[in-house]
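The next block holds one structure in the form of structure tokens; read it before the comments.
The values are calculated or read from the model by the stated rules, or taken from the named source; none is laboratory data. This is a predicted model, so every value here is computed, not measured. Counting neighbours? That spans all protein chains shown, and the Cβs are built from the backbone with ideal geometry, glycine included. Each accessible area value is taken on the protein alone, full model and side chains, heavy atoms only, with ligands, DNA and RNA left out. Shrake-Rupley method; radii C 1.70, N 1.55, O 1.52, S 1.80 Å.
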Amino acid sequence: MHEPSMAVKLAGVELKNPVVAASGTFGFGREYSQFYDLSELGAICVKGLTAAPRKGNPPPRIAETPMGILNSVGLQNPGIDAFLAQELPFLRRYDVKVIANLSGDTPEEYGQMCEKLSQAGVDLIELNISCPNVKAGGLAYGTRPDLAAEVTRVAKAHAGATPVMVKLSPNVTDVVAIAQAVADAGADALSLINTLLGMRIDVASRRPILRRNTGGLSGPAVLPVAVRMVWEVSRVGLPILGMGGVSDGDSAAQLMLAGASAVAVGTACLADPYAPLQVRDGLRDIAARQGLSSVAQLTGAIQPW
Amino acid sequence: MTVWGMVWMQILERQCKVLELTQLGCGDWTMTLESQGLAEQVAAPGQFLHLKCGPGQLLRRPISICNWSARRDLIRLVFSVRGEGTAWLSQRQVGESLDVLGPLGKGFSMKSGASYLLVGGGIGVPPLLGCAVQGGGACTAVLGFRSARQAMLLEEFGQACPGGVRLATDDGSLGHHGFVDALVAQELESHPGLYAGVLACGPKPMLRAVASVCARYEVDCQVSLEERMGCGVGACLVCACPTVDGGYAHVCKDGPVFPAQEVDWNA
């Protein structure tokens, strides 16, 4: 059996394989560098950055659910300046693309951060527009097409030549409307899905498990939602980083068939540090079995009824 | 390329065979694993293993190392059944293999040959046996349980603690009627300067009370904390522990053992 090529392109960025470590589950790579060479990955999307350091939410921050987890970390991070000074140089020791995920309180803050990240030479910027603590309140940036477009426009104007990818929230009625709005505003790529809002209650104490009551659902439970949304959004025509419940080659291939150029592995890393490599190997096996010369041929190759 | 060069701190993921699994009189379980090299990596008592608990559980379960032997490649865990994951674990058969990640976290810092006062409550008791056996000094144990029926590992603590074992139960069915902090105060009062420190593991209210007694007697105190955990290696940041500087430390990587004065007990 021949070896299919694993290289893919995402918004013009060459990845040696389609597997990306998802933001928030992989820190800045340091912990997982104990287990394997980070250069084995296509890209690392770093822990969500904010302009100032954030200490995050009070615990408990995690609850297990059927085939999933709820999390409520609250964007704990050392701030963009500490990332640029301490974490980016570490990641640059590896032959792996670096995606910087960022959240701002205002469009201007997104712009300022994009400028810093672009000047520092990150490979791709991912805008998190479903941050729970933004000016307009709640998930507003990610749930209103006009606000999503405004953030995208300001980010693009400050990102120089660095491509900008917008991470979409699934907590909306019409994800295509948001996707179209950010595409029209100049986004270079889309990533989806962010977590689904959820809740788990301890029946004995009648208390939610999470200290903030609600949190974001991820893991295999959300895969069908992610596949459906990637498929719907693919008609917008932007390159897509698919995520949501990827745990093996099959789940990754589903997202690619639905339209994703690359896939991110998140929750699966929590249980198994080697999960991204297993997804990569699983994808390669599927592409080989199907006689493809390149794994990229899976992208959008769905045969819908 | 590996950035993590120090062999003694290596974290491994291994398939470890269950060599022994029996239920203790108290209802909790003792399990011995053929460690596939993990025992050799244990740096201190109080570290933990992160175990996959069957196909139905997405997350691993963190379980404190009770004792270990690098020479014999063994790790012993003592755990209680708290939910579906640990129930699955208790139903394994000898000879089956488990997916184990570890050793993880920072354990108790012990000066070789020094005497420590070990203070445990309930299922927090097992890791202190590792302190008594591996620490090398003459330790004393103060162990608390809800009632006599929940008491565990007493004989082994008796053998490993030349300073003796003092017991407390909430219902008075064994030893002192009340909480361990009263016994800790008695020990520190009657043996000033004897202990290099107090090492404690148990429910948070117990730890808070013990930390407060230690502060009063100006004795160094280390506490082992619990929090709902994700990755176990410090990447996902869910197992947050409020610290006195107003921020959060993480139980899996910065702990589970912390200097008591760094913990924000009022959070």
(message) Of all residues being over 17 Å from B:Arg208 (Cβ atoms) and surrounded by fewer than 24 Cβ atoms within 10 Å (Cβ to Cβ) in region B:234-249, which is farthest from the other protein chains (Cβ to nearest Cβ)? Just the residue, please.
(response) B:Asp245
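Got a number for residues in region A:172-198 being closer than 19 Å to A:Gly24 by Cβ and open to solvent by 50 Å² or more (accessible area, probe 1.4 Å)?
Just the residues of region A:172-198 that are closer than 19 Å to A:Gly24 by Cβ, to begin with: A:189-198.
Among the residues that remain, those that are also open to solvent by 50 Å² or more (accessible area, probe 1.4 Å) are: A:197.
Number satisfying all stated conditions: 1.
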(message) Anything in region B:49-60 that is touching a helix residue (DSSP H, G or I) at 6+ places or on another chain (Cβ under 8 Å) and assigned to a strand (DSSP E or B)? List them, or say none.
(response) B:Leu49, B:Leu51
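Using the structure shown, decide if A:Ile69 is at the interface with chain B (Cβ under 9 Å from one of its Cβ atoms), in contact (Cβ under 8 Å) with a residue 12 or more places away in the chain and open to solvent by less than 20 Å² (accessible area, probe 1.4 Å).
Details: at the interface with chain B (Cβ under 9 Å from one of its Cβ atoms): yes; in contact (Cβ under 8 Å) with a residue 12 or more places away in the chain: yes; open to solvent by less than 20 Å² (accessible area, probe 1.4 Å): yes.
Criteria met by A:Ile69.
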(message) Being over 24 Å from A:Ala226 (Cα atoms) and open to solvent by less than 10 Å² (accessible area, probe 1.4 Å) is true for just one of A:Gly104, A:Gly160, A:Gly142. Which residue is that?
(response) A:Gly104
(message) Looking only at residues that are within 11 Å of chain B (Cβ to nearest Cβ) and touching a Phe, Trp or Tyr at 6+ places or on another chain (Cβ under 8 Å) in region A:267-285, which one is most open to solvent (accessible area, probe 1.4 Å)?
(response) A:Tyr274
(request) Give the number of residues within region B:126-159 that are open to solvent by 20 Å² or more (accessible area, probe 1.4 Å) and either under 15 Å from B:Ala114 (Cβ atoms) or among the β-branched types (Val, Ile, Thr) (or both). (result) 4
(message) Can you tell me which condition B:Leu59 does not meet? The list is (1) more than 20 Å from B:Gly255 (Cα to Cα); (2) open to solvent by less than 20 Å² (accessible area, probe 1.4 Å); (3) over 18 Å from the mean Cα position of the chain (by Cα), and all the others hold.
(response) (1)
(request) Within region B:215-232, track down each residue that is more than 15 Å from the chain's Cα centre (by Cα) and either under 22 Å from B:Asp181 (Cα atoms) or open to solvent by 10 Å² or more (accessible area, probe 1.4 Å) (or both). (result) B:Ala215, B:Arg216, B:Tyr217, B:Glu218, B:Val219, B:Asp220, B:Arg228, B:Met229
(request) Restrict the check to region B:106-120 and report whether at least one residue is surrounded by fewer than 23 Cβ atoms within 10 Å (Cβ to Cβ), assigned to a strand (DSSP E or B) and of a type in the set (Lys, Arg). (result) yes
(message) If I go through region B:62-104 residue by residue, how many of them are within 10 Å of chain A (Cβ to nearest Cβ) and surrounded by fewer than 23 Cβ atoms within 10 Å (Cβ to Cβ)?
(response) 4
(message) Could you check region B:16-58 and list, in sequence order, the residues that are in contact (Cβ under 8 Å) with a residue 60 or more places away in the chain, under 30 Å from A:Leu70 (Cα atoms) and within 14 Å of chain A (Cβ to nearest Cβ)?
(response) B:His50
(message) Filter region B:91-105 down to the residues that are part of a loop (DSSP other than H, G, I, E, B) and polar (S, T, N, Q) and list them by number.
(response) B:Gln91, B:Gln93
(message) I'm trying to understand the selection: among the residues of region B:134-161, which are within 15 Å of B:Arg76 (Cβ to Cβ), at pLDDT 95 or above and in a helix (DSSP H, G or I)?
(response) B:Glu155, B:Glu156, B:Phe157, B:Gln159, B:Ala160
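Considering region B:61-90 alone, what residues qualify as being assigned to a strand (DSSP E or B), without any contact (Cβ under 8 Å) to a residue 40 or more places away in the chain and among the small types (Gly, Ala, Ser)?
In the first step, residues of region B:61-90 are kept if they are assigned to a strand (DSSP E or B); the result is B:61-69, B:74-79.
Restricting the remaining residues to those that are without any contact (Cβ under 8 Å) to a residue 40 or more places away in the chain gives B:61, B:63, B:69.
Scanning region B:61-90 gives a single hit, B:Ser69.
State yes or no: is B:Ser212 assigned to a loop (DSSP other than H, G, I, E, B), more than 14 Å from chain A (Cβ to nearest Cβ) and surrounded by fewer than 19 Cβ atoms within 10 Å (Cβ to Cβ)?
So B:Ser212 does not fit the description; no.
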(request) Would you check which residues across region A:73-117 are within 12 Å of another protein chain (Cβ to nearest Cβ), under 20 Å from B:Gly234 (Cβ atoms) and either in a loop (DSSP other than H, G, I, E, B) or of a type in the set (Ser, Thr, Tyr) (or both) and list them? (result) A:Val73, A:Gly74, A:Leu75, A:Gln76, A:Pro78, A:Arg93, A:Tyr94, A:Val96
(request) Select from region B:161-175 the residues that are among the hydrophobic types (A, V, I, L, M, F, W, C) and in contact with a Gly (Cβ under 9 Å, 6 or more places away or on another chain) and write down the one among them that is least open to solvent (accessible area, probe 1.4 Å). (result) B:Ala168
